[in-house]
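The values are calculated or read from the model by the stated rules, or taken from the named source; none is laboratory data. Keep in mind that what you see is a predicted model, and the values were worked out from it rather than measured. Glycine gets a Cβ as well: all are built from the backbone with ideal geometry, and neighbour counts include every protein chain shown.
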Amino acid sequence: MLVTSPGSGQVNKPQRRWHIAVFLAPAVLVYTAIMILPLFGTMQLSLYKIIEGQQVFVGLDNFRHLLGDERLSSTFWNALSNNSIFFLIHMLVQNPIGILLAAILSNSRLRFRAWYRTAIFIPTILSFVIVGFVWKLILSPLWGVAPDLLDLVGLKSLYKPWLGKEQYALITLSLISVWQFVGIPMMLIYAALISIPEDILEAAECDGITGMKQFWKIKLPLILPTIGIISILTFVANFNAFDLIYVTQGALAGPDYSTDILGTFLYRTFFGFQLQLGDKNLGATIASLMFLIILAGVCIYLFAIQRRLRRYTF
Amino acid sequence: MNTTNKVNKTASLLATSMIGLSALGLSAGVYAQDAELTIESWRNDDLSIWQDKIIPAFEAKHPGIKVTFAPSAPAEYNAVLNSKLEAGSAGDLITCRPFDASLALYDQGYLASLADLPGMGNFSDVAKSAWITDDGKNPFCVPMASVIHGFIYNKDAFAELGLSVPETEADFFAALDKIKEQGDYIPMSMGTSDQWEAATMGYQNIGPNYWKGEEGRLGLIDGSQSLTDAQWVAPYEQLAKWGAYLGDGYEAQTYPDSQNLFTLGRAAIYPAGSWEITGFNANADFELGAFIPPVAAAGNECYISDHTDIGIGMNAKSENADAAKTFLNWVASAEFASLYANALPGFFPLSNDPVTLEDPLAQEFISWREKCNSTIRSTYQILSRGTPNLENETWNASANVIKGTESPADAAKRLQDGLASWYKP
């Protein structure tokens, strides 16, 4: 729309704001090249199949095969349910512990706060390979310190080769992952807690709300949006997980596929393993399903939860 | 100006003709004197052995041919080789992985058929089986080496406990019981954490005695036998008894753990593959012995897994085909077999010529070829082409059976059902 400013007689065009495009360009280009194009490439790959050496368009046939074939689908559902347990343990253990640690750290009477904060956060910056290897060694029945430590307190009978038993392996790995990543919810919630203005807390104190009650009634509602963000980050990270399982249990995700999650299933299918040759199309099908599962989870969160969260601005 | 131009032109003309001449001279020289061969391989560990021993021995006999050994990292080899072959820049000689990986290269026309190579006559059918078309007509790699399965044991421990080498199943378990009872040693060093140990050193190690080696393996391929037959379930029934003799927490014991447990002298018996020989010789400070997988009853014929592991073939597009064939013929000779086997004890030559090995443990292993019938791992040829992949499933089933979480019959049935779902003999 043209606006003629009175008096001057000049025509003011709305400025084309080129700088926006210029500033966005690097991020958009890089993101498109390394994220969006491969994503669509993967989805495209999942619609094709190699028939007699040729890539042939088969529509959703790969998805039908993956979910319809008795063996493949049982592997898929096993991986999905293991993945859900993996996620559930993170939600039930990692995030409450993260909140607890943050609450303790935000207490101004605690000494050596910075030291604790750093110590708890350090595992997060370690590589999966180191974490997996160290824990495998700690829990090793032969050279590990776990059996010896239990022996010292007379509880040797409680020791089990946790990583080698179907009933414990997945939980053990989940807890290792919790140990590694508990620093992230702790940091985010810690930041949210210390940004709560003093006057609100003082007002609460005037009304006689102190201690635990203050945490439940005042602080927790104020940090709920942060907890929501942490949940969704955990969800995305867990359903993309692969490294820890691969490092500790190998691509076959033993014992007896009890630690097989979508990431390891995808790896075995896409790249092949030992004598099994890789199947890029079926692998891409699994990758696409993983994307859809994560997308669905994020959508549910955004539409059903995020919009109902009440935000307080100070 | 003009003159300078002219001078320049003449000079450049001269220069060009000189380059042309020298290029001509060079290429003429190559044709007259040396054919250069390059070997693609994943055995970068063996680089010095090739450069210092094998290649000089060949070049001394064949002065017209120069050979370069150009290995890449084992994990990258297949991918690197495929892209080089596609681009037409691969070497003249190609080290072959066993079975389908190399068969695929032959089918795509990258590897030449060696049906008319005279040296191929030095190899048995079992030796050739890893690098031959399904119809058995076109071999495409010269077999280089195999690995043999058996049990390595701590001789000192056996002497201490007054044990003799077990020959039958009953002896074997009696020995294990005795070691367990005495308590100083873990009877057997193996873990199920990595799964392949259970399948490779367990199932494929003892199995051939039950399914009678090649007879059973080929029966499985032609459909006359099934994994649920008694002879295929029997090895699982044996494995089911092993769990009791493995170390505490063997469920979480990995392959390096097992090796260390044995070389530290804490375990008496190690279900092995011959590739362990070099490492064990270096790390164990006690005397090592080896014994054949025990047979069901005394006097039974014995069968061993003598698994073809590495071969060498010719790039179909090689410009030095004749020289490459000369080299391959030499690889098929007794001279190469002896050189290679002594440089790498535990990787045994596959040719029919008798080879003298210097390492006593390696000698013990290779002597079994005289006494027993050889076969290869049952799951490697043809049967692992589809999904569910029989080899991977065998890893899983063997580990389950040892831990007792799946019965031998159930495991066998699951494998057979999985195989039957895609394989029609």
Seminar exercise, completed: Residue set B:L350, B:L344, B:L339, B:L361; condition in contact with a Phe, Trp or Tyr (Cβ under 8 Å, 6 or more places away or on another chain) and under 24 Å from B:N44 (Cβ atoms); output residue B:L350
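Restricting attention to region B:181-232, report how many residues are part of a helix (DSSP H, G or I) and either within 14 Å of another protein chain (Cβ to nearest Cβ) or not β-branched (V, I, T) (or both).
Of all residues in region B:181-232, those part of a helix (DSSP H, G or I) come to B:181-182, B:196-206, B:208-211, B:214-222, B:230-232.
Now narrow it down to the ones that are either within 14 Å of another protein chain (Cβ to nearest Cβ) or not β-branched (V, I, T) (or both): B:181-182, B:196-205, B:208-211, B:214-220, B:222, B:230-232.
Qualifying residue count, region B:181-232: 27.
Results for (1) over 28 Å from B:N373 (Cβ atoms); (2) in the same structural domain as B:T95 (by TED's automatic domain parsing); (3) modelled with pLDDT of 90 or more, shown as yes or no for each residue.
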{"residue": "B:Q259", "(1), (2), (3)": "yes, no, yes"}
{"residue": "B:W275", "(1), (2), (3)": "no, no, no"}
{"residue": "B:A290", "(1), (2), (3)": "no, no, yes"}
{"residue": "B:A296", "(1), (2), (3)": "no, no, yes"}
{"residue": "B:D322", "(1), (2), (3)": "yes, yes, yes"}
{"residue": "B:S333", "(1), (2), (3)": "no, yes, yes"}
{"residue": "B:L344", "(1), (2), (3)": "no, yes, no"}
{"residue": "B:D353", "(1), (2), (3)": "no, yes, no"}
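Could you list, in sequence order, all residues of region A:236-264 that are on the phi > 0 side of the Ramachandran plot and not hydrophobic (A, V, I, L, M, F, W, C)? Step through it out loud before you land on a result.
The initial filter retains those residues of region A:236-264 that are on the phi > 0 side of the Ramachandran plot, namely A:250, A:253, A:256-257.
Selection gives A:G250, A:D256, A:Y257.
Within region A:224-243, can you find the residues that are closer than 15 Å to A:L266 by Cβ and either surrounded by 19 or more Cβ atoms within 10 Å (Cβ to Cβ) or within 14 Å of chain B (Cβ to nearest Cβ) (or both)?
First, pick out the residues of region A:224-243 that are closer than 15 Å to A:L266 by Cβ: A:238-243.
Answer for region A:224-243, where residues must be closer than 15 Å to A:L266 by Cβ and either surrounded by 19 or more Cβ atoms within 10 Å (Cβ to Cβ) or within 14 Å of chain B (Cβ to nearest Cβ) (or both): A:N238, A:F239, A:A241.
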For this session: For region A:91-105, state whether one or more residues are farther than 14 Å from A:P185 by Cα and either surrounded by fewer than 15 Cβ atoms within 10 Å (Cβ to Cβ) or among the hydrophobic types (A, V, I, L, M, F, W, C) (or both).
Result: no
For this session: Answer with yes or no whether A:I50 is touching a residue at least 24 places away in the same chain (Cβ under 8 Å) and in the same structural domain as A:G263 (by TED's automatic domain parsing).
Result: no
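Criterion first (crowded, with 16+ Cβ neighbours inside 10 Å, at the interface with another protein chain (Cβ under 9 Å from one of its Cβ atoms) and assigned to a helix (DSSP H, G or I)) does B:N281 satisfy it?
no
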For this session: Output the residue which, of all residues in region A:143-187 that are within 9 Å of chain B (Cβ to nearest Cβ) and free of Cβ contacts under 8 Å to residues at least 12 places away in the same chain, is nearest to A:H90 (Cα to Cα).
Result: A:K160
Exercise. Taking the condition within 14 Å of another protein chain (Cβ to nearest Cβ) and surrounded by 15 or more Cβ atoms within 10 Å (Cβ to Cβ), does A:D279 pass?
Worked result: yes
For this session: Sort out which residues of region B:294-310 are of a type in the set (A, V, I, L, M, F, W, C) and surrounded by fewer than 12 Cβ atoms within 10 Å (Cβ to Cβ), and write them in order of number.
Result: B:A297, B:A298
Exercise. Just for region A:244-263: of the residues that are touching a Leu at 6+ places or on another chain (Cβ under 7 Å) and away from every other protein chain (no Cβ under 14 Å), which one is surrounded by the most Cβ atoms within 10 Å (Cβ to Cβ)?
Worked result: A:L262
Problem set entry | Test for A:Y116: is it at the interface with another protein chain (Cβ under 10 Å from one of its Cβ atoms) and either surrounded by 13 or more Cβ atoms within 10 Å (Cβ to Cβ) or over 24 Å from A:A237 (Cβ atoms) (or both) | no
Exercise. Of all residues in region A:264-274 being of a type in the set (F, W, Y) and surrounded by fewer than 22 Cβ atoms within 10 Å (Cβ to Cβ), which is farthest from B:D100 (Cα to Cα)?
Worked result: A:Y267
For this session: Hey, can you tell me all the residues within region A:66-103 that are in contact (Cβ under 8 Å) with a residue 12 or more places away in the chain and among the small types (G, A, S)?
Result: A:A79, A:G98, A:A102, A:A103
Exercise. Given the residues A:I34, A:I50, which is the only one that is over 30 Å from A:L175 (Cβ atoms) and part of a helix (DSSP H, G or I)?
Worked result: A:I34
For this session: Mind counting the residues in region B:318-329 that are outside any helix (DSSP H, G or I) and exposed (fewer than 14 other Cβ atoms within 10 Å of the Cβ)?
Result: 1
Seminar exercise, completed: Among B:S384, B:S407, the single one that is polar (S, T, N, Q) and at pLDDT below 90 is B:S384
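From B:N320, B:N329, which residue is over 17 Å from the mean Cα position of the chain (by Cα) and more than 15 Å from B:V142 (Cβ to Cβ)? Spell out the reasoning first.
On the way: B:N329 fails: more than 15 Å from B:V142 (Cβ to Cβ).
After ruling out the rest, the residue left standing is B:N320.
Assess whether B:Y236 counts as being under 17 Å from B:Q416 (Cβ atoms), under 19 Å from the mean Cα position of the chain (by Cα) and not small (G, A, S).
Details: under 17 Å from B:Q416 (Cβ atoms): yes; under 19 Å from the mean Cα position of the chain (by Cα): no; not small (G, A, S): yes.
No, not satisfied.
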Exercise. Say we look at region B:101-113 and pick out the residues that are outside any helix (DSSP H, G or I) and in contact (Cβ under 8 Å) with a residue 24 or more places away in the chain; which of these is farthest from the chain's Cα centre (by Cα)?
Worked result: B:G109
For this session: Tell me which of these B:T379 doesn't satisfy, since it passes every other one: (1) closer than 19 Å to B:D125 by Cβ; (2) outside any loop (DSSP other than H, G, I, E, B); (3) within 14 Å of chain A (Cβ to nearest Cβ); (4) modelled with pLDDT of 90 or more.
Result: (2)
For this session: Within region A:51-67, work out how many residues are surrounded by fewer than 17 Cβ atoms within 10 Å (Cβ to Cβ) and within 13 Å of chain B (Cβ to nearest Cβ).
Result: 3
For this session: Determine whether B:D194 is among the acidic types (D, E) and crowded, with 21+ Cβ neighbours inside 10 Å.
Result: yes
Exercise. Within region A:196-208, is there a residue that is out of contact with any Lys or Arg (no Cβ under 9 Å at 6 or more places or on another chain), under 22 Å from A:I97 (Cβ atoms), of a type outside the set (A, V, I, L, M, F, W, C) and in a helix (DSSP H, G or I)?
Worked result: no
For this session: Answer yes or no: is there a residue in region B:233-248 that is closer than 20 Å to B:P187 by Cα, crowded, with 19+ Cβ neighbours inside 10 Å and within 14 Å of another protein chain (Cβ to nearest Cβ).
Result: yes
Exercise. Here are some conditions: (1) surrounded by 24 or more Cβ atoms within 10 Å (Cβ to Cβ); (2) in contact (Cβ under 8 Å) with a residue 12 or more places away in the chain; (3) within 13 Å of another protein chain (Cβ to nearest Cβ); (4) not aromatic (F, W, Y). B:N400 meets all but one. Which one does it not meet?
Worked result: (2)
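Yes or no, residue by residue, for (1) touching a Cys at 6+ places or on another chain (Cβ under 9 Å); (2) part of a loop (DSSP other than H, G, I, E, B); (3) within 14 Å of chain A (Cβ to nearest Cβ); (4) surrounded by fewer than 14 Cβ atoms within 10 Å (Cβ to Cβ):
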| position | (1), (2), (3), (4) |
| --- | --- |
| B:T95 | yes, no, no, no |
| B:A115 | no, yes, no, yes |
| B:G150 | no, no, no, no |
| B:V165 | no, yes, no, no |
| B:L176 | no, no, no, no |
| B:I179 | no, no, no, no |
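Name the one entry in B:E393, B:E335, B:E364, B:E370 that is of a type in the set (D, E, K, R), over 20 Å from B:I132 (Cα atoms), part of a helix (DSSP H, G or I) and within 14 Å of chain A (Cβ to nearest Cβ).
B:E393 is the lone residue from the list that is of a type in the set (D, E, K, R), over 20 Å from B:I132 (Cα atoms), part of a helix (DSSP H, G or I) and within 14 Å of chain A (Cβ to nearest Cβ).
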